[in-house]
1. Roughly speaking, what is the stretch gain from N427 to K385, that is 0.36 nm per residue apart minus the C-alpha to C-alpha distance, in nm to one decimal?
2. Amide H neighbours of C442 under 5 Å, at least 5 residues apart or on other chains, H built in the peptide plane: list them.
3. So for each of 636-645, 287-296 I average, over its residues, the number of other beta carbons within 10 Å; can you give me the resulting order with the highest mean first?
4. What ³J(HN,Hα) values, in whole Hz, does the Karplus curve 6.51 cos²θ - 1.76 cosθ + 1.60 give for the stretch 330-347 when θ = phi - 60°, with x put for Gly and Pro?
5. So, in nm, how far is label S418 from label T362 when the simple model puts each one 7 Å beyond its Cα toward the Cβ?
6. Calculate the FRET efficiency for A118 and T332 from the Cβ-Cβ distance with a Förster distance of 41 Å, rounded to the nearest 0.05.
7. Place the peptides 355-366, 337-348 in order of packing, highest mean first, counting for every residue the other Cβ atoms within 10 Å and averaging per peptide.
8. What list of ³J(HN,Hα) couplings, whole Hz, do you get for the stretch 114-124 from phi and the Karplus terms 6.51, -1.76, 1.60, once you set θ to phi - 60° and write x for glycine and proline?
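Only the coordinates and a few stated rules stand behind these numbers; no lab work does. Remember, predicted model here, so these are calculated numbers, not experimental data. All Cβ positions, glycine included, derive from the backbone under ideal geometry; neighbour counts span all protein chains shown.
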Amino acid sequence: MYHRTPRPVPATPSSTLPPDNQHFQQPPPSVVASTSTAAAHSHGHKGLDGLEDDEHSSEPGSPIAFRSPPRRTPSIYRPPSPSKHPLHKRTYSSPLADADDNNRWLSLSNLLMLFLTAVILTLFFQTHAAPGVQFTGFDGDPWGDACPDYKDYSTRTHLPLSDGPLKLPFQRPVPECRSFRSEAVEKVIRDMTTKLVDRDLARLFENCYPSTLDTTVRWHVDGTQKSGDDASDDSDGNKFDPRFGDEEVKGPQSFIVTGDINAEWLRDSTNQLAGYMPLLKKDEKLKVLVRGAINTQAGYVIESPYCNAFQPPRDSNIKPSNNGQDDAVRPTYDHDTVFECKYEIDSLANFFSLANQYYAHTGDVSFVDDRFMQAVQSVFAVLDKQAIPTFRDDGMPLYPMYTFQRNTNIGTETLALSGRGYPLNDNSSLIRSAFRPSDDACILQYFIPGNAFMSVELGRLAKLLAKAGQRDEALIAKQWGDVIAEGVKKHGIVDDPVFGRVYAYEVDGYGSRIMMDDANLPSLLSLPKLGWTTVDDPVYQATRKMILSRKGNPYYLEGRVFKGIGGPHVGLKHAWPMSVLMQAMTSDNDDEILAALESVKKVSRLGLINEGVNVHIHYDYTRSWFAWANSVFAQTILDLAKRKPHLVFGKGAQPYDI
């Protein structure tokens, strides 16, 4: 998602005091010389490595005499007596300390200081602790030092191994170290692992399906507690965090991290929770968790609608992280709220998607309050600003509402033309996107999968808002959805000389287009799963043929170990298992589906789904703990259990629908 840049470590400062004022000086040269001479005699004129110490020796044929570097010898120097330097006298003294220097810490004054410090710290944390905080680890770890760091845990093999030929490890944390528990999820795991014929697939599902709940729910409150001290209260006692707009923060809150990075991406967290949506009516606590995620995302969108990844909410008591980058972004943002600020149209579409999925599976619209509507209006404002072209009618450049520049030598991590990106024409009803869902910069900023996704979610949002009585905003959402859809159909479908009428990945309105696909979702491959089109659509089928071919997609990677769609984010050798799983979910061909499952299974030797896998080399992967990919795998297995049960449960099996 981002690239850490190593920073130089400053050298240790040396003393600037005059030599007479430096209490602990190096020994005088005479002492060093005598010590070196004694050491040389004791070693028979040999260096520390045992070789003859001939300082005038040289390499054969070299006209330059070689002089051995000075060797560090044991120092006999001792610091001066404290009586000569009052600054070095003991701060505390007692008869006990004078009698036994090793027991100075047992002095009455020290013991009294320790006791008072402990009392003060206890009173401080009792007074300032937020009553509603479920997890209290200040570094973002729900259980502190009691549980292992899952970033390291996920790279190791744990027993018991699966019964299949791959002997895959069990990678769930012990129950006490799981960040959220759902009995409904546990029941699905028991049902599926019993039914799945392939025992290695069963182990992968057992590890992957609960991965988000087990490891990434960094903070969650159910909304029944009083607010923390970092928020204000209104007259009714409702929580109000001034960073999140002008409305009170009511109800539950949930902070869902992406995995090995202690930050929440709007896109990742929505996809991580997608596999649990059918269970919301069966598990009230799970329902509250998802509703809390909607509320937290709404706060982020109100605060910084152009940003993609966010810090922990202030009330969580989890300290913010630094992404290690040097970015110049407009509009500016609060670093305590934002982890990274790359404007991506799909991030905003995923905020709508989370709310739409919740409504579709529960029928509940009670979360549509003033604060949620403020977030919706923030997105509408972004769409309005990002629908404008690069130039005015008179040829003058228009003021760009969003610019991004990063101090980097990686071209995909920053935008051209002083952070604007390349020009766009005014003949389109598409919305620009500065970055792709991979967090790589768009080349041509009319990103077609992102626009198609936004169009679909706006149509669904219109129905949700109408149900909630928000008629005006429902009409605006529908109008935006229709306008964007028209632009995708007009400019996103192009004629390819080899594959015919296909979807382009990016266009600019001038006739230029980028013909490729990336593994990250939304993608061209995922258009049917997004709800934009159907699998049997001729244009989609031609597009699918193009992007699953090395002839048509420069990022379709194929090697002796693995094959699939990758992207510029992790280079030209690593394909993403996520793309192969999406290939299975958008196929009706049994052989293609089975081949996809088998290929992903064989490269997931640690029992989890990686971000990228080297298509040429075994065991070369990126990110062992990537909850989004784990969620996509679980969704794939559940999709097949319902749509093609004979492929995963055996011949004659009945569909399983959670």
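1. Roughly 13.6 nm would be gained on extension.
2. F435, R436
3. Final packing ranking: 287-296, 636-645.
4. Ordered by residue, 3J(HN,Hα) equals 10, x, 5, 8, 8, 5, 6, 9, 10, 8, 8, 10, 9, 6, 9, 4, 6, 5 Hz.
5. My value for the distance between the label points is 4.7 nm.
6. E(calc), rounded to 0.05, equals 0.45.
7. Per-residue mean Cβ counts within 10 Å order the peptides as 337-348, 355-366.
8. 4, 5, 5, 4, 5, 5, 5, 5, 4, 5, 5
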